[in-house]
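Report on the following structure.
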Amino acid sequence: MQQYKMIIGGEQVAAVSGNWQPVINPATEEAIAEVPQADYADIDKAVAAAHSAFATWSKMAPVERSLLLLKLADALEAKATELADLESLNAGKPIKLVANGDIPFGIDNIRYFGGQARVIDAVAAGEFVGGYTSTLRREPIGVVGSIAPWNYPFMMAAWKIAPAVAAGNTVVIKPAPPTPLTTLILAQVALEVGFPPGVINVVTGGGPAVGEPLVTHPNVGMVSFTGSTPTGKRIMELAARKVTRVHLELGGKAPLIVFADANLEAAARGAVVGAYVNTGQDCTAATRLLVERSCYDEFMALFKGFSEQVRLGSPQAQTTDMGPLISAEQRDRVHGFVERAKAAGITLNLGGELPTGTGYFYSPTIFSNAPTQSEIMQEEVFGPVVVVNPIESEAEAIAVANDVRFGLASSVWTKDVARAWRVAGALQFGTVWVNDHLPLSSELPHGGFKESGFGKDLSRYAFEEYTIAKHVMFDLSGEAKKPWHFTAFGDPDE
């Protein structure tokens with residue numbers, strides 16, 4: 001069983017404690033590797049390395065940071081097959097999803113921020129107060145503590161590392177305990193293409209002994225977290241103790257609204273992809289399908305039929321549509337939601353049984369006619385579990401869609417352009433797709449409303465998240481005594 005070491009200060013290192021933890025293949029339930037189990041001592045070393053590297057990295061010319069990011073993207077692209085195979089093995093993700101989605105999109109994001117590193121926007125100099133010229137600078141924050149989730153390990157590492165280092169920050173990233181392997185490779189490749197030691201550091205392991213010291217460390221200037229809303233709230237509490245900036249992308253409960261004039265086959269196919277992508281372990285997953293009553297039966301027949309065709313199996317097989325959930329704990333959690341919904345009398349249309357055999361698999365599961373305030377309609381399941389409810393009107397669709405504490409993503413299916421614009425404007429979600437669900441782009445922002453967090457990933461808006469705006473004001477008069485000084489010292493000039 002291979003041991004992967006942490007990357008701290010440009011070196012591959014074991015934990016100070018000497019402790020290791022296994023990395024499990026969720027499709028076979030077998031250990032495939034070991035990584036160090038870090039604690040405060042390792043976090044302190046990593047932050048010290050990042051803090052030391054910041055002094056030089058932050059002063060480097062933008063073109064130099066840009067070229068290194070572009071070299072990193074090229075080097076990772078050369079390893080794309082290796083990365084895809086490892087990600088599929090580690091996370092249980094279908095190889096066709098990883099090879100055609102996660103890995104190339106993560107690399108594209110790194111390449112995008114390689115370009116963005118050279119586009120540092122600031123307000124042009126101008127006289128906003130008489131006798132003074134003002135300008136704005138965008139400056140890096142310092143050490144960024146990044147905490148990534150297990151559902152998109154490589155892609156989320158890229159989303160966090162690329163904008164941070166492009167802006168001149170240094171990073172200590174903690175990948176999720178179940179899925180650290182491709183993040184460690186990313187950091188090692190960065191060293192190989194010339195990133196200075198300490199710019200990108202990776203610490204591994206689980207539990208409060210790793211995450212909390214990173215959030216509360218006095219030399220961490222910002223924390224970027226993607227994960228559950230309860231954990232995000234805990235991070236905010238810890239960060240508040242020293243007023244640390246936080247960037248949070250949290251849970252979701254995405255509505256997919258289908259009006260009667262929509263292309264129903266397209267909507268049903270889009271719902272299958274939106275609901276079951278990555279085994280439903282996606283914060284933008286379509287989990288609440290709200291369908292106009294006049295087309296409800298036809299849509300349900302299509303959606304259920306397509307759902308029955310979803311192929312579960314080995315993540316390494318090109319024909320597999322859906323792999324396992326990440327862990328036994330996650331499968332038990334998903335099944336708990338299903339059992340409680342069944343016990344509450346909510347109609348079960350498909351699935352809902354705990355599979356037998358090896359691997360943490362779970363079949364597509366469809367409920368219908370669930371009360372808006374029921375748990376299955378309100379809480380993030382993070383598995384292939386969907387509710388399909390009828391709606392009577394546009395107003396009801398909007399009201400039900402918005403009646404959750406989350407606000408990350410949503411979609412509207414209609415041929416009526418005016419309706420699409422109206423509904424998109426009324427939905428309280430950071431992304432609204434029209435006649436599709438899931439596509440994202442490196443050039444455009446991703447982030448949520450309400451308890452889905454704040455701050456943006458992707459695009460120049462993410463770049464700005466990792467900078468501080470500084471106002472610099474120049475006196476133009478050269479006079480020792482300014483006309484306004486008398487308000488605090490002396491008398492006004494006669």
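Only the coordinates and a few stated rules stand behind these numbers; no lab work does. Here the structure is a predicted model, which means the values were calculated and not measured. Glycine gets a Cβ as well: all are built from the backbone with ideal geometry, and neighbour counts include every protein chain shown.
See the values below:
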| item | result |
| --- | --- |
| Globularity index of the range 203-335, i.e. its alpha-carbon radius of gyration over 2.2 N^0.38 Å | 1.40 |
| On Cα atoms only, tilt of 40-57 relative to the major axis of the chain in degrees | 50 |
| Relative packing of 417-425, 474-482, 179-187, 9-17, which averages over residues the other C-beta atoms within 10 Å, highest first | 179-187, 9-17, 417-425, 474-482 |
| For peptides 49-62, 251-264, sequence by mean Cβ density within 10 Å, most packed first | 251-264, 49-62 |
| Cα lying deepest toward the dipole's positive end in the range 28-124, options 119, 107, 48, charges on Cβ | 119 |
| The range 74-192: C-alpha gyration tensor shape, a/c 1.5 cut-off, then a/b vs b/c | prolate |
| Full-stretch length increase - residue 416, residue 58 - with 0.36 nm per residue and alpha-carbon distance subtracted | 123.9 nm |
| Cα-based shape type of the range 264-396, given that a ≥ b ≥ c are square roots of the gyration tensor eigenvalues and the cut on a/c is 1.5 | oblate |
| Cα lying deepest toward the dipole's positive end in the range 246-352, options 352, 280, 313, charges on Cβ | 352 |
| Relative contact order [Cα under 8 Å, 6+ residues apart], the range 144-286, whole percent | 22 |
| Residues of the range 243-265 with amide N under 17 Å of the 7 Å Cα→Cβ point at residue 426 | 255-262 |
| In sequence order, calculated HN-Hα J values of the range 419-432 (Karplus, 6.51, -1.76, 1.60; Hz; x Gly/Pro) | 4, 4, 5, 4, 5, 4, x, 8, 6, 9, 9, x, 10, 10 |
| Residue exposure sequence - 367, 105 - by fewest surrounding Cβ within 10 Å | 105, 367 |
| Given charges at Cβ of Lys, Arg, Asp, Glu: the chain dipole, positive-most of 84, 414, 220 | 220 |
| With eigenvalues of the C-alpha gyration tensor scaled by 5 and rooted, the range 341-494, Å | 53, 20, 17 |
| Sequence of 485, 446 once ranked by neighbouring C-beta atoms within 10 Å, starting from the fewest | 485, 446 |
| Relative contact order of the range 351-486, defined on C-alpha pairs under 8 angstrom at six or more residues apart (%) | 15 |
| Cα gyration tensor shape of the chain, rounded if a/c is under 1.5, else prolate or oblate by comparing a/b with b/c | oblate |
| Within the range 343-374, backbone nitrogen closer than 17 Å to the virtual label 7 Å beyond the Cα of residue 403 toward Cβ | 346-347, 368-374 |
| Normalised contact order of the range 15-107, rounded percent, pairs of Cα under 8 Å and 6 or more residues apart | 25 |
| Given charges at beta-carbon only (K, R positive; D, E negative), |dipole| of the chain in Debye | 420 |
| Mean Cβ count within 10 Å, highest first, over the residues of peptides 369-379, 37-47 | 37-47, 369-379 |
| Under 5 Å, built H, 5+ apart or other chain: amide partners of residue 246 | 223 |
| Contour excess over end-to-end distance, with Cα ends at residue 486 and residue 135 and 0.36 nm allotted per residue | 123.7 nm |
| Residues 283, 295, sorted so that the one with the fewest Cβ neighbours within 10 Å comes first | 295, 283 |
| Modelled FRET efficiency - R0 51 Å, residue 470 with residue 41, Cβ distances, 0.05 increments | 0.90 |
| Sites matching trypsin sites (Lys or Arg not before Pro) across the range 276-361 that sit in DSSP coil, with at most 14 neighbouring C-beta atoms within 10 Å | 311 |
